[in-house]
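The values are calculated or read from the model by the stated rules, or taken from the named source; none is laboratory data. None of these values were measured; they are calculated from a predicted model. Virtual Cβ from ideal backbone geometry, glycine too; neighbours counted across all protein chains shown. Remember, those area values only see protein heavy atoms, side chains included, never the ligands or the DNA or RNA. Shrake-Rupley method; radii C 1.70, N 1.55, O 1.52, S 1.80 Å.
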Amino acid sequence: MRRPLIAGNWKMHFTVPEGLEYALRLRHALEPFADREDIVVLPPSLMLWEIANVLRGCPLEVGAQNASWEDQGPFTGEIAPKMLAGWCHYLLIGHSERRQLFNETDEQLNRKVQAAFRNGLKVVLALGETLEEHELGRTQEVITRQLSAALYDIDVKRAADLTIAYEPVWAIGTGRAATPEYANETMGLIRRLLVGRFEQLGTDMRILYGGSVTPANARSLMDQPEIDGALVGGASLKQTDFTEIVRAAAEVDRPA
Ligand code: 13P
């Protein structure tokens, strides 16, 4: 059975004091659900260390939204996965905002995946098609390319440390989530690609859905057999909304 994972991507929101106060509130609200699922918050890097301390000793985990592919050196403004090693649990790689606004390429993302694994981090690899690609019927081709490029030369033994987040770009921040059936179908394709790449281990890997997940649609999305959790943006910034999404994941009955 795949254990659900709910991750809240705070993107570039909250000041440091606001983020710390919010993390403390989440800790109290979400701890009761942590025996049924993994819960991760992805704060801005500036407050990541402090928030990891606030959450120490509780089952909520932290992740970074981005990091370099280098371990150290003259890379002004970057943070290295090596700096995250040992206390930060996850690294999000390949978010569409990184791909589109910061021009991150498939080749760079592959180097980031390698660097994350080299430093003992778990990876959430985000991928998904743009609206134009969607309308041109290129979803399958785009996802196949993004997945195989990001995982080039990655050791099969890393499968357990890798989660995929399917985030159709047209659904991010638009209030227009993919239908559960469409998401499930595309994630079924990702599952087949993972099994092709990682064989039996591919069936145990988690695939999350992201893009306008709300308390209203979370349950219907997570009822789908291929949807193992969610990568949540806007709704992760509100305690009540995020808690309801976490609750929805806890309530889904999954076959053993
Ligand atoms: P929204 O939930 O705001 O659509 O954002 C999704 C996302 O980009 C999570 O990484």
Candidates G19, G128, G196; GNM for the chain (alpha-carbon contacts under 10 Å) flags as most fluctuating G196
With the Cα gyration tensor of the stretch 29-147 in hand, convert its eigenvalues to equivalent ellipsoid semi-axes via √(5λ) and list them largest first in whole Å.
27, 20, 12
In vacuo Debye sum over C-alpha of the stretch 179-256, base-10 log of normalised intensity I(q)/I(0) at q = 0.17 Å⁻¹, listed in q order, is -0.65
The stretch 114-193: chymotrypsin sites (Phe, Trp or Tyr not before Pro) in DSSP coil with no more than 12 other Cβ atoms inside 10 Å:
none
Keeping the other protein chains in place, figure out the carbon and sulfur percent of the accessible area of the stretch 182-256, with a 1.4 Å probe.
52
Taking a ≥ b ≥ c as the square roots of the eigenvalues of the Cα gyration tensor of the stretch 1-72, is the shape rounded (a/c under 1.5), prolate (a/b larger than b/c) or oblate?
oblate
Could you tell me whether the stretch 124-256 comes out rounded, prolate or oblate from its Cα gyration tensor? Rule is a ≥ b ≥ c as square roots of the eigenvalues, rounded for a/c under 1.5, then prolate if a/b exceeds b/c, otherwise oblate.
oblate
With a probe of 1.4 Å, find how much accessible area the chain has per residue, and write the answer as a whole number in Å².
46
Treating the stretch 58-97 as a set of equal point scatterers at the Cα positions, no solvent, please give the Debye-formula log₁₀ I(q)/I(0) at q = 0.19, 0.27 Å⁻¹.
-0.59, -0.97
Candidates M205, M12, M47, ranked by Gaussian network fluctuation over the chain, Cα under 10 Å, top entry:
M12
What trypsin sites (Lys or Arg not before Pro) does the stretch 97-138 have in DSSP loop regions with at most 15 other beta carbons within 10 Å?
R138
Divide the volume of the convex hull of the Cα atoms of the chain by its number of residues and quote the answer in cubic angstrom per residue.
120
What residue among V62, V142, V169 shows peak mean-square fluctuation when the chain is described by a Gaussian network model with Cα springs under 10 Å?
V142
